[in-house]
Structure formats: structure tokens, C-alpha cells
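Chemist: Dropping the structure in here first, questions after.
The values are calculated or read from the model by the stated rules, or taken from the named source; none is laboratory data. Keep in mind it's a predicted model, so treat the numbers as computed, not measured. Quick reminder, even Gly has a Cβ in these numbers, built from the backbone with ideal geometry, and neighbours come from all protein chains shown.
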Amino acid sequence: MGTERFSGFPARADYSAIPTLLLTRVMSEIRDIAELKVTLYVIQAIYHRKGYPRFVTYDELAGDPVLLSGLEDGTKAPGEVLRQAVDRAVARGTLLSVTTGTQEFLVVNDEAGRRALPRLARGTVTVSNAPVAAGPPQSRPNIFTLYEQNIGMLTPMIAEELRAAEAEYPPRWIEDAFKEAVSLNKRNWRYIARILENWASEGRESGKPGGHPKKRTRPEDYYKGRFGHLVSR
């Protein structure tokens with residue numbers, strides 16, 4: 001039986017950020033399709049993870065039937081193919097691995113992943129039972145969706161800053177900051193970051209993360225302070 005033809009991506013399809021270097025250089029060097037599948041899968045999973053540090057455990061990969069079904073080659077058990085694929089990706093340097101006790105942690109070999117590795121090695125991270133793959137749509141858009149809808153295309157550098165902001169600020173703050181910047185016609189991430197920094201340092205009217213921001217009606221209100229140089233006028 002042939003493979004059913006893919007019907008195409010829907011209008012509001014979810015996207016994941018893939019490092020450009022992987023597509024322009026590393027992918028041409030990968031000869032094992034299982035290694036490529038696992039590498040892309042881990043990148044996608046970590047992209048959708050919340051909090052810090054962001055990682056995937058080997059047990060999560062081994063327990064995902066969708067991934068395992070994609071690794072079947074008719075000659076080896078999917079678990080064996082997975083193990084070899086992970087080992088190849090780690091040997092290549094696209095993924096990093098550290099084992100603490102009986103738990104093997106995997107991260108992408110980028111700046112965030114390299115910073116996370118020592119913390120994972122210390123064994124101070126609580127492992128969630130959440131599935132690896134992205135779950136159902138959230139009740140409010142995540143920071144990457146907000147950026148793409150209100151500012152434009154993501155770049156790897158901006159994506160890294162967005163991840164850091166998402167880990168630091170409550171989702172409501174982030175959504176409100178985007179709304180306020182758009183209302184002032186300041187569609188600029190640095191400007192939005194400054195709004196969040198002001199709220200963090202000065203508080204919000206209710207004094208709680210779920211409250212409403214202090215009302216600012218002038219764009220120049222965000223040019224003040226030691227972070228003002230980050231904001232494009």
C-alpha cells in the first residue's frame with residue numbers, strides 16, 4: 001500500500017524555529033535519515049517547551065509512538081534505531097547529552113543548551129511527565145505567535161531573546177506588552193522588552209502578575225532608564 005498523499009499545511013499551522021546552519025550545512029553532512037528525524041524532533045520538542053532549562057529526556061523519545069513509528073526500517077527494532085540515531089547526533093555535535101543517575105538529558109547544541117547542561121548534570125532539575133510533542137493549542141498565544149503576528153518573521157537571535165523573556169515573565173504580561181506596543185504603533189521587540197522590564201521594576205497597578213499594566217500613553221515613557229538605548233525610536 002502506498003503512502004497517502006499529504007493534504008497540505010492548514011492556514012494556521014504551528015511552526016518551529018530550525019537553526020539556519022542546520023539547513024545550510026549540517027543537513028548535507030547527515031547520511032542517516034533516522035539521525036535527521038531525531039535531530040529535527042528534538043529541536044521541535046525543545047522549541048515548544050516552557051520554562052528553563054529546556055530539554056528532552058531519552059525516555060520521552062523512547063516512549064513516543066509517533067517518533068518510533070517513523071524510525072522503523074524493517075531490519076532493526078525501533079528502539080535500537082533510536083539509540084543509534086541519538087548517538088550519531090551527539091557525536092556530530094548537533095545535540096548534547098548528559099546522564100544523571102538513570103536519566104539521560106538531551107539539549108540542542110546552541111547557547112541555551114550549553115548553559116543548561118551543567119544544571120542538568122547537577123541533577124537539580126525536576127523531570128515532567130508532559131509529552132514531548134506540542135500539545136493542543138494554548139488558551140492564549142505564545143510569545144513566538146505574538147511576535148510573528150505583530151512584528152514579523154523570527155530570526156534565531158530574536159527567538160533566543162523571546163525564549164528568555166517567556167521564561168522570565170508571566171504569559172499575561174507578555175500578551176499585554178505586545179498589545180500596548182501595537183496600540184502605540186511601536187512594533188519592535190526591543191520596545192516590548194522595555195515595557196516588560198518597566199513592569200518588572202516598577203510593578204503593575206494591582207501588584208500581581210495578573211493585574212493590568214500601569215497606563216502609559218506616550219512612547220517616550222519607554223525611552224527612559226538604563227535600558228532605553230535598546231529601544232528603537
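Chemist: Go over the candidates Lys186, Lys179, Lys224 one by one and state the one that is out of contact with any strand residue (DSSP E or B) (no Cβ under 9 Å at 6 or more places or on another chain) and either at pLDDT below 85 or assigned by TED's automatic domain parsing to the domain that holds Asp64 (or both).
Modeler: Unique residue meeting the criteria: Lys224.
Chemist: If you take the residues in region 61-115 that are exposed (fewer than 12 other Cβ atoms within 10 Å of the Cβ) and hydrophobic (A, V, I, L, M, F, W, C), which one is farthest from the chain's Cα centre (by Cα)?
Modeler: Ala91
Chemist: Could you grab me the full set of residues in region 175-196 that are in contact with a Pro (Cβ under 6 Å, 6 or more places away or on another chain) and closer than 17 Å to Asn142 by Cα?
Modeler: Asp176
Chemist: Is region 39-62 home to any residue that is more than 21 Å from Leu120 (Cβ to Cβ) and either in contact with a strand residue (DSSP E or B) (Cβ under 7 Å, 6 or more places away or on another chain) or not in a helix (DSSP H, G or I) (or both)?
Modeler: No: zero hits.
Chemist: Please find, within region 33-52, the residue that is farthest from Leu117 (Cα to Cα) out of those that are surrounded by fewer than 15 Cβ atoms within 10 Å (Cβ to Cβ) and in contact (Cβ under 8 Å) with a residue 40 or more places away in the chain.
Modeler: Top of the filtered list is Lys50.
Chemist: Considering only residues that are part of a loop (DSSP other than H, G, I, E, B), among the β-branched types (Val, Ile, Thr) and either modelled with pLDDT under 85 or under 18 Å from Glu111 (Cβ atoms) (or both), which ones fall in region 142-169?
Modeler: Once the filter is applied, which keeps residues that are part of a loop (DSSP other than H, G, I, E, B), among the β-branched types (Val, Ile, Thr) and either modelled with pLDDT under 85 or under 18 Å from Glu111 (Cβ atoms) (or both), region 142-169 yields only Thr155.
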